[in-house]
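> This structure is in structure tokens; I'll ask about it shortly.
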Amino acid sequence: GTRRPSACSVTTDPTRPWAPRRYRTGRMEAFSDGVFAFAITLLVLDLVVPSSETHDLIGALLAGWPQYLVYVVSFATIGATWLAHNAMTEQLDHANSTFIRLNLILLLLVAFMPFPTRFLAQYISSEESERVAVALYGISFLLMLVMTILMWTYARRRGLLLEQDESEATLFTRRLLPGLGIYVLLICAGMIWPMIAVFGYLTLALFFIVPLRRHRGSLPPKPEILPE
């Protein structure tokens, strides 16, 4: 049989040895999903169970509301990042070496998230350290969003995406971009009103999670490699 050329195959053009290598996206997507799942699972391990010596267990549980709030915020933000990552990779025709390395940097930030989450949960009631913890927390979210936007922008400019309606791609960009300014404002606000910043992070995560109320056409299937 004949082999149909596919942009998803790992190929280089022999007439252009300097051309960037083209990679399938399957392994990158599987590895990314694993890192997201691992990071989001680690969050629950930092929830503290009240001591068995505590007589008022209900009161102890209620007193731990800040750490539950931080858990929900981190879960929602990592979940929102995964949704954006999933939407982006669904539109990829192929990847190149630079895009894969950008993806690794994003995964580095995602895997790091349990640390600022635990840090904030531990110091959220400390007047001296609360502001630093909230700032580190917000900066971690901001960096994840920056990397997501950078990956999306790179994919569009390098022609890594499937052919689609340009307005759809523009809509995705416009949905992400406002988050940059909002995160900066929340980080600054957190230096004065830490809890307001935490609830702001949650609100922004929910904004990214809630689907757009707009009819979307289905994307064309990615080309398959026919057996020889």
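The values are calculated or read from the model by the stated rules, or taken from the named source; none is laboratory data. In this text the structure is predicted, and so the values were computed from the model without any measurement. Quick reminder, even Gly has a Cβ in these numbers, built from the backbone with ideal geometry, and neighbours come from all protein chains shown. Each accessible area value is taken on the protein alone, full model and side chains, heavy atoms only, with ligands, DNA and RNA left out. Shrake-Rupley method; radii C 1.70, N 1.55, O 1.52, S 1.80 Å.
> Is there any pair linking a residue in region 39-56 that is hydrophobic (A, V, I, L, M, F, W, C) to one that is at pLDDT 90 or above and assigned to a loop (DSSP other than H, G, I, E, B), with Cβ under 6 Å and at least six apart or on different chains, and which?
Listed by first residue and then by second, the contacts come to ALA39/MET113.
> Output the helices (runs of 4 or more DSSP H) that fall wholly within region 104-180 and possess 1 or more residues being touching an Asp or Glu at 6+ places or on another chain (Cβ under 9 Å) and closer than 18 Å to VAL73 by Cβ, or say none.
114-123
> Right, here's the next one. From ARG101, ARG16, ARG4, grab the single residue that is open to solvent by 90 Å² or more (accessible area, probe 1.4 Å) and at pLDDT 90 or above.
Step by step, each of ARG101, ARG16, ARG4 is checked, and only ARG101 is open to solvent by 90 Å² or more (accessible area, probe 1.4 Å) and at pLDDT 90 or above.
> Report whether or not ILE124 is closer than 30 Å to ARG22 by Cα and in contact (Cβ under 8 Å) with a residue 60 or more places away in the chain.
So ILE124 fails the test.
> OK, next. Look through region 59-97, keep the residues that are assigned to a loop (DSSP other than H, G, I, E, B) and out of contact with any Ser or Thr (no Cβ under 9 Å at 6 or more places or on another chain), and return whichever of them is modelled with the lowest pLDDT.
GLY64
> Just to be sure I understand the filter: pairs with C-beta atoms under 6 Å, separated by 6 or more residues or on different chains, first member in region 104-119 and open to solvent by 60 Å² or more (accessible area, probe 1.4 Å), second member assigned to a helix (DSSP H, G or I). Which pairs pass?
Filtered contacts from region 104-119: ILE105/MET147.
> Which residue is modelled with the highest pLDDT, if the candidates are limited to region 122-153 and must be in contact with a Ser or Thr (Cβ under 7 Å, 6 or more places away or on another chain) and farther than 18 Å from ALA39 by Cα?
Only one residue fits best here, namely TRP152.
> Filter region 168-206 down to residues that are open to solvent by 50 Å² or more (accessible area, probe 1.4 Å) and either among the polar types (S, T, N, Q) or more than 23 Å from ALA133 (Cα to Cα) (or both), then give me how many there are.
4
> Find the residue count for region 120-145, including only residues that are surrounded by fewer than 16 Cβ atoms within 10 Å (Cβ to Cβ) and either in contact with a Leu (Cβ under 8 Å, 6 or more places away or on another chain) or closer than 30 Å to GLN91 by Cβ (or both).
Adding up the residues that qualify gives 1.
> Inspect all residues belonging to region 135-151 and state whether any of them is more than 29 Å from PHE31 (Cβ to Cβ) and in contact with a helix residue (DSSP H, G or I) (Cβ under 9 Å, 6 or more places away or on another chain).
Yes: region 135-151 contains one or more residues that are more than 29 Å from PHE31 (Cβ to Cβ) and in contact with a helix residue (DSSP H, G or I) (Cβ under 9 Å, 6 or more places away or on another chain).
> Considering only region 24-36, I want to know if a residue exists there that is among the polar types (S, T, N, Q), modelled with pLDDT of 70 or more and open to solvent by less than 90 Å² (accessible area, probe 1.4 Å).
Within region 24-36, one or more residues are among the polar types (S, T, N, Q), modelled with pLDDT of 70 or more and open to solvent by less than 90 Å² (accessible area, probe 1.4 Å).
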